[in-house]
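The structure under discussion appears below in the form of structure tokens.
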Amino acid sequence: MSTTATPAEIENHPLRAVVEATFADRARLADASVKQTVEDTLALLDQGAIRVASPPPEGSADDVDWTVHAWVKQAILLYFAIRGMETHEVGPFEFYDKIPLKHGLAAAGVRVVPPGTVRYGAFLERTAIVMPGYVNIGAYVGAGSMVDTWATVGSCAQVGKDVHLAGGVGIGGVLEPPGARPVIIEDGVFVGSRAVVVEGVRVGKGAVIGAGVVLTASTLILDVRGSAPVERRGSVPARAVVIPGIRPRKFPAGEYGVPCALIVGERSASTDKKVSLNAALRDFDVPV
């Protein structure tokens, strides 16, 4: 199993300068050695030796953000530029694409159930499971996590350990601009069926996202646990229990309900994950 480099090691990686210079001047791709640098970067990404974004040090405050490695995203975009369309045959299935599928799953200790798909350049830690879902290039899925049936993990999304993405969950991809934060689902999160998390939203450790919740960068997230609502956007705090909500808003044609997300409770950190999840579903009526 590959060991992922530290944020500082990724930021100071010897391949970075060539990738950045080539991203600024794509004519450099005519040089075979430059193309090889792009290939080498994607190989490291596929092996989990580097990643698109790195979590803050263990024990950091919740407001300490992840480190986005823009040059790694640039390498992915350059990889698309140097790849030609090819036919890939997998048993009775035929694909026609630029990017091959990930190989070596058994050796990596990763379970992928047909017709689950993991693209080259994504990394899954040992014991991760992909049901008939999809994991795109640049994504990272932690140990013990499950990508359930028809759930998707978009390009560059970062999914932590022991996460459950329930059936039909949509985790969006954020490949451009390279410096933008990808969608981040931290350790121990449960995302309910048909929920959608996109546009670089960060879901903190141990949170429970109820079925049908939609979280975008502009989605109003209302914390209604206190005597007055507290507004936030772009992130869900650790252990929060979130359900879909509606807030009234006036338009020229009248007043209508606009979707939002409601933080209605907190998942206990002192109990076992499964017990805590059941308690959250029972106490706060979170549909899954």
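The values are calculated or read from the model by the stated rules, or taken from the named source; none is laboratory data. Note that the coordinates shown come from a computational prediction; the quantities given were computed from them, not determined experimentally. Cβ sites come from the backbone with ideal geometry, for glycine too, and all protein chains shown count toward neighbours.
Looking at (1) in contact (Cβ under 8 Å) with a residue 12 or more places away in the chain; (2) within 21 Å of Gly173 (Cα to Cα), can you tell me which one Gly109 breaks?
Unmet for Gly109, out of (1) in contact (Cβ under 8 Å) with a residue 12 or more places away in the chain; (2) within 21 Å of Gly173 (Cα to Cα): (2).
Identify the residue in segment 79-123 that is among the β-branched types (Val, Ile, Thr) and either under 22 Å from Ala151 (Cα atoms) or buried (at least 18 other Cβ atoms within 10 Å of the Cβ) (or both) and, among all such residues, is modelled with the lowest pLDDT.
Per the criteria, the residue is Val90.
So which residues in segment 56-85 are under 16 Å from Leu15 (Cα atoms) and part of a loop (DSSP other than H, G, I, E, B)?
The one that is under 16 Å from Leu15 (Cα atoms) and part of a loop (DSSP other than H, G, I, E, B): His69.
Checking Arg126 against (1) at pLDDT 95 or above; (2) of a type in the set (D, E, K, R); (3) outside any loop (DSSP other than H, G, I, E, B), which test does it fail?
If we test Arg126 against (1) at pLDDT 95 or above; (2) of a type in the set (D, E, K, R); (3) outside any loop (DSSP other than H, G, I, E, B), just (3) comes out false.
Just checking, how many residues over segment 219-255 are charged (D, E, K, R) and within 19 Å of Ile184 (Cα to Cα)?
3
Tell me, yes or no, whether segment 138-152 has at least one residue that is free of Cβ contacts under 8 Å to residues at least 24 places away in the same chain, under 15 Å from Ala195 (Cα atoms), touching a Pro at 6+ places or on another chain (Cβ under 7 Å) and not acidic (Asp, Glu).
Scanning segment 138-152, I find at least one residue that is free of Cβ contacts under 8 Å to residues at least 24 places away in the same chain, under 15 Å from Ala195 (Cα atoms), touching a Pro at 6+ places or on another chain (Cβ under 7 Å) and not acidic (Asp, Glu), so the answer is yes.
All but one of (1) of a type outside the set (Phe, Trp, Tyr); (2) more than 15 Å from Gly138 (Cα to Cα); (3) out of contact with any strand residue (DSSP E or B) (no Cβ under 6 Å at 6 or more places or on another chain) hold for Leu105; state the number of the condition that does not hold.
Unmet condition: (3).
Of the conditions (1) closer than 14 Å to Gly154 by Cα; (2) over 13 Å from the mean Cα position of the chain (by Cα), Gly210 fails just one. Which one is it?
(1)
Among the residues of segment 16-37, write down those that are within 15 Å of Leu77 (Cα to Cα) and among the hydrophobic types (A, V, I, L, M, F, W, C).
Val18, Val19, Ala21, Phe23, Ala24, Ala27, Leu29, Val34, listed by residue number.
Being of a type in the set (Lys, Arg), in contact (Cβ under 8 Å) with a residue 12 or more places away in the chain and crowded, with 16+ Cβ neighbours inside 10 Å, is that true of even one residue in segment 247-258?
The answer is no; no qualifying residue exists.
Taking segment 179-231 as the region of interest, how many residues are free of Cβ contacts under 8 Å to residues at least 40 places away in the same chain, in a loop (DSSP other than H, G, I, E, B) and surrounded by fewer than 22 Cβ atoms within 10 Å (Cβ to Cβ)?
Final tally of qualifying residues: 10.
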